[in-house]
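Below is one structure, written out as structure tokens; the observations come after it.
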There are 2 protein chains.
Amino acid sequence: MAKVLTSQSEDFPRWYQDVVAKAQLAENGPAKGQQVIRPSGFALWERMVDELDERIKETGTENASFPLLIPESYFQREADHVEGFAPELWTVTHGGGKQLEEPLAVRPTSETVIGEYMAKWVKSYRDLPLLLNQWCNVMRYELRTRLFLRSSEFLWQEGHTVHATYEEAHAFTLRILHEVYADFMENVLALPVLRGLKTEAERFAGALNTFACEALMRDGKALQMGTSHELGQNFAKAFDIQYLGSDGKQHHGWTTSWGVSTRMVGGLIMGHGDDAGLRVPPNLAPVQAYVMVVKDSEEVHAAARKVYEELKGEGVRVKLDLRGDIAFGRRAVDAELKGYPVRIEIGPRDLKNNEATLVSRIEGTKQAVPLGMLAAAVATALDADQMALWDEALRHREAHTVDVATVEEAVEAAQTGYARLAWDSCGVEGETKAAESGVTVRVLQRADGSVPDSLDEDGLIAYLARSY
Amino acid sequence: MAKVLTSQSEDFPRWYQDVVAKAQLAENGPAKGQQVIRPSGFALWERMVDELDERIKETGTENASFPLLIPESYFQREADHVEGFAPELWTVTHGGGKQLEEPLAVRPTSETVIGEYMAKWVKSYRDLPLLLNQWCNVMRYELRTRLFLRSSEFLWQEGHTVHATYEEAHAFTLRILHEVYADFMENVLALPVLRGLKTEAERFAGALNTFACEALMRDGKALQMGTSHELGQNFAKAFDIQYLGSDGKQHHGWTTSWGVSTRMVGGLIMGHGDDAGLRVPPNLAPVQAYVMVVKDSEEVHAAARKVYEELKGEGVRVKLDLRGDIAFGRRAVDAELKGYPVRIEIGPRDLKNNEATLVSRIEGTKQAVPLGMLAAAVATALDADQMALWDEALRHREAHTVDVATVEEAVEAAQTGYARLAWDSCGVEGETKAAESGVTVRVLQRADGSVPDSLDEDGLIAYLARSY
């Protein structure tokens with residue numbers, strides 16, 4: 001088949017651009033840094049939303065919708081927050097042709113406006129925990145943008161909760177990290193993620209602690225896939241979120257916020273893609289099985305339709321391609337580009353043997369399967385493919401994680417993946433130094449790989465890497 | 001039970017406000033005309049999205065995502081469109097603290113930006129039809145706003161398609177009207193809708209024809225629930241959407257656009273609600289059955305949990321209320337306010353008889369049901385409730401539709417519902433005159449109730465009403 005993409009080894013960023021364009025995932029929007037997500041790309045996001053929304057609701061969190069535009073004065077109320085976000089705001093100054101009394105910011109994140117309403121809704125300990133989430137668009141002014149990875153507008157979910165105590169808020173922040181985010185990323189996206197604590201330099205503006213899931217891309221750079229923030233009482237005090245305790249006294253609540261975005265689509269592409277295009281893990285794939293006719297004939301169409309209906313009946317997400325008038329090779333290349341896990345080719349020769357050809361995008365295998373055994377073979381292939389992608393990604397991470405003893409060594413090792421360095425040997429000073437070479441501390445973990453409660457713990461391990 | 005709402009007959013607008021506030025559906029946002037949709041309100045919208053999205057996908061339409069901000073110059077390209085929307089725009093003038101070269105409008109609708117991309121994606125007749133949809137937020141500057149019904153920001157879906165011929169575009173516009181919108185509104189929302197053609201005065205800015213679904217609210221005013229626009233070649237010419245036909249020549253495409261919004265939540269409230277609050281049709285209801293303990297006891301909790309699990313297992317959308325420490329009356333009133341179709345009360349007295357009390361919100365009945373027969377009784381009640389709401393709404397519309405012969409009579413009849421008047425006896429002049437009394441032509445139909453293809457047809461019937 002003709003080579004349609006720059007190879008990863010030749011020029012990874014160019015490969016990424018090629019995949020996004022050729023697989024028709026997204027394009028630049030008309031205004032600076034905005035993006036148009038095309039149906040093939042949006043279908044990936046829709047499946048992410050479905051899977052995450054189910055997990056979010058399992059925690060008792062309910063969806064709601066808050067306004068797009070936030071009065072600029074709201075940002076002033078939390079000192080760190082305004083410092084972090086003011087430079088990134090897009091500002092609405094006019095409505096209906098007239099200048100507004102107060103400029104409104106297009107939300108870059110909604111702690112402030114949601115905080116304002118939480119303060120109205122939380123009266124007593126009986127109202128807690130208050131667990132809210134919204135799926136929406138946000139905007140941040142960015143100088144250098146890249147489709148899915150860094151764009152002025154992106155789609156995301158932002159969860160916002162209030163709890164009665166530090167302990168409950170802390171536990172919930174970690175529950176989201178583990179049970180919602182990491183579970184989804186590992187079991188659906190088939191991407192192993194490092195779960196850990198962010199350093200002060202990488203912390204969300206206004207948070208007490210930021211926890212994150214980081215995945216390693218195939219070029220050895222890390223991508224922050226999701227964050228869960230413990231906000232302490234910072235926003236509760238700034239927005240006066242108070243409740244009457246069972247002790248008869250007023251208390252400030254403890255809040256959290258957490259989000260994942262369309263950035264994960266970029267992570268999916270760079271975490272699994274190869275020189276032929278995307279490889280989408282079956283558990284996520286909007287199209288798990290792609291049934292295509294090799295060429296047109298009544299018999300071939302009828303057989304393909306039957307296979308399509310049978311797989312659909314088995315609960316497989318399947319797409320039918322009866323366009324025998326378009327060259328087979330062109331359609332096969334497109335199926336590879338889009339990363340459909342399995343492809344079922346049906347042509348006159350296959351039918352003569354009462355077979356179809358089953359091609360696994362991920363394992364690269366091609367086998368003739370009797371039509372009567374196709375459903376079972378597809379189920380087996382999908383399971384194997386999910387596992388194969390996970391194994392490959394995990395092996396990749398293991399092969400690109402190096403223990404080092406100094407910041408200098410970390411910077412060198414980070415050219416190809418993660419450098420593991422005792423936080424005591426790094427510290428804020430080492431972090432600043434590494435940053436000069438474009439290397440940052442992605443997360444801190446305990447020595448046993450678990451997530452620390454705070455930066456105050458001893459014996460933490462830092463994972464340093466270049467990142468997106 | 002204490003009266004918690006203003007009655008409909010006393011003050012319908014006040015009743016509406018009360019329901020929205022007391023059932024915790026929505027609140028005003030911080031900036032002009034914006035709204036906060038709370039979990040109880042958002043759950044209604046989520047169910048609408050699920051049902052509609054399925055129907056939209058059935059038509060072969062795919063979801064995508066286009067940018068929030070549209071360069072103002074895009075609006076200039078279609079003369080009628082800019083005239084219609086320019087006064088309603090919210091404008092972003094600054095990004096990252098600096099003035100933008102060109103102001104960007106927060107999208108009020110996306111024909112322009114989507115047209116720009118359709119022109120890039122459509123090359124040949126093989127690319128047609130191109131069927132796109134997006135679920136998103138839009139903003140229009142409004143002077144008088146009302147939660148759900150008219151707000152500066154609202155959530156909606158907007159479908160945008162390109163077809164090769166007038167006939168295909170026309171047929172698709174009507175397919176959306178009938179198979180997506182009316183089907184959803186009648187079979188899920190249980191609201192009978194008039195399907196018809198809008199007059200020139202009520203047409204979408206830039207359209208050839210606008211078709212609509214209109215529902216009659218319980219106060220006798222009409223609400224436009226959804227519109228499907230035939231855009232002709234207006235946008236195809238303005239944005240240069242051309243394709244190479246099978247005849248080897250270049251042709252402009254024919255486009256359509258169509259949308260429904262969170263406004264339907266307002267229609268649901270005013271189309272079915274009564275003096276005790278919302279009444280949600282079972283086919284829509286996020287909570288179809290509300291299982292509540294009368295008071296706390298281990299036995300009662302265990303029985304309620306068992307009923308909850310059993311109903312859930314049967315596929316009923318069910319909510320469990322074990323808060324025996326909150327007064328029973330208060331929780332029952334809240335369940336009525338929120339309009340859960342059936343309520344299952346379980347207390348010590350019920351359990352002594354091995355029964356539960358099944359209360360139908362819609363039929364107002366209350367019966368003791370043996371626990372072993374509860375699942376069947378709930379299924380029967382839900383079916384009956386769906387039918388009962390539909391029948392009631394249909395009878396209401398029939399009782400509030402009057403045949404009239406003149407515009408004067410129409411204006412009078414429209415004080416309580418629809419006035420049916422031959423379009424020949426009304427015309428643009430009559431329409432203008434009626435508008436002075438706040439009465440408008442909602443839709444035009446053929447004499448047999450079917451939807452006209454255009455205003456050129458003879459013998460059309462106009463439905464006039466006051467409206468939201």
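The values are calculated or read from the model by the stated rules, or taken from the named source; none is laboratory data. These numbers were taken from a predicted model, which means no experiment stands behind them. Positions of Cβ are backbone-derived with ideal geometry, glycine not excepted, and every protein chain shown enters the neighbour counts.
Residues that are closer than 26 Å to B:TYR141 by Cβ, of a type in the set (A, V, I, L, M) and within 11 Å of another protein chain (Cβ to nearest Cβ): does the stretch A:107-124 have at least one?
So far as the stretch A:107-124 goes, yes, one or more of its residues are closer than 26 Å to B:TYR141 by Cβ, of a type in the set (A, V, I, L, M) and within 11 Å of another protein chain (Cβ to nearest Cβ).
Return the residue satisfying two criteria in turn: it lies in the stretch B:7-49 and is of a type in the set (A, V, I, L, M, F, W, C), more than 8 Å from every other protein chain (Cβ to nearest Cβ) and in a loop (DSSP other than H, G, I, E, B), and of such residues it is nearest to the chain's Cα centre (by Cα).
Among residues in the stretch B:7-49 that are of a type in the set (A, V, I, L, M, F, W, C), more than 8 Å from every other protein chain (Cβ to nearest Cβ) and in a loop (DSSP other than H, G, I, E, B), the one nearest to the chain's Cα centre (by Cα) is B:LEU25.
A quick yes/no check of all residues on (1) among the hydrophobic types (A, V, I, L, M, F, W, C); (2) under 27 Å from A:VAL180 (Cβ atoms); (3) out of contact with any Cys (no Cβ under 6 Å at 6 or more places or on another chain); (4) modelled with pLDDT under 95:
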{"site": "A:ASP219", "(1), (2), (3), (4)": "no, no, yes, no"}
{"site": "A:MET225", "(1), (2), (3), (4)": "yes, yes, no, no"}
{"site": "A:PHE239", "(1), (2), (3), (4)": "yes, yes, yes, no"}
{"site": "A:GLN250", "(1), (2), (3), (4)": "no, no, yes, no"}
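Taking the conditions exactly as written (crowded, with 21+ Cβ neighbours inside 10 Å and either polar (S, T, N, Q) or outside the structural domain of B:LEU155 (by TED's automatic domain parsing) (or both)), does B:SER9 satisfy them or not?
So B:SER9 fails the test.
Between a first residue in the stretch B:219-235 that is in contact (Cβ under 8 Å) with a residue 40 or more places away in the chain and within 12 Å of B:GLY196 (Cα to Cα) and a second residue that is surrounded by 22 or more Cβ atoms within 10 Å (Cβ to Cβ) and aromatic (Phe, Trp, Tyr), which pairs have beta carbons less than 6 Å apart while being 6 or more apart in sequence or on different chains?
Hits for this filter: B:GLY226/B:TYR181; B:SER228/B:PHE211; B:SER228/B:TRP258; B:HIS229/B:PHE204.
Could you go through the stretch A:278-285 and let me know if any residue there is crowded, with 17+ Cβ neighbours inside 10 Å and over 19 Å from the mean Cα position of the chain (by Cα).
Within the stretch A:278-285, none of the residues are crowded, with 17+ Cβ neighbours inside 10 Å and over 19 Å from the mean Cα position of the chain (by Cα).
Looking for whichever is modelled with pLDDT of 95 or more, part of a helix (DSSP H, G or I) and either of a type outside the set (D, E, K, R) or not assigned by TED's automatic domain parsing to the domain that holds B:PHE154 (or both) here; the options are B:VAL291, B:VAL265, B:VAL260, B:VAL316. Which one fits?
B:VAL265
Taking the stretch A:83-97 on its own, how many of its residues are at pLDDT 95 or above and more than 7 Å from chain B (Cβ to nearest Cβ)?
Number of matching residues: 1.
Name the residues in the stretch A:60-82 that are in contact with a strand residue (DSSP E or B) (Cβ under 7 Å, 6 or more places away or on another chain) and either at the interface with another protein chain (Cβ under 9 Å from one of its Cβ atoms) or of a type in the set (Ser, Thr, Tyr) (or both), would you?
Scanning the stretch A:60-82 gives A:THR61, A:GLU62, A:ASN63, A:ALA64, A:SER65, A:PHE66, A:PRO67, A:LEU68, A:LEU69, A:ILE70, A:PRO71, A:SER73.
Would you kindly identify the strands (runs of 3 or more DSSP E) lying entirely within the stretch A:386-468 that contain at least 2 residues that are of a type in the set (Val, Ile, Thr)?
Counting at least 2 such residues, we get A:401-403, A:440-445.
Being over 24 Å from the mean Cα position of the chain (by Cα) and more than 10 Å from chain A (Cβ to nearest Cβ) is the requirement here; does B:GLU101 meet it?
Considered against the rule, which asks whether it is over 24 Å from the mean Cα position of the chain (by Cα) and more than 10 Å from chain A (Cβ to nearest Cβ), B:GLU101 comes out as no.
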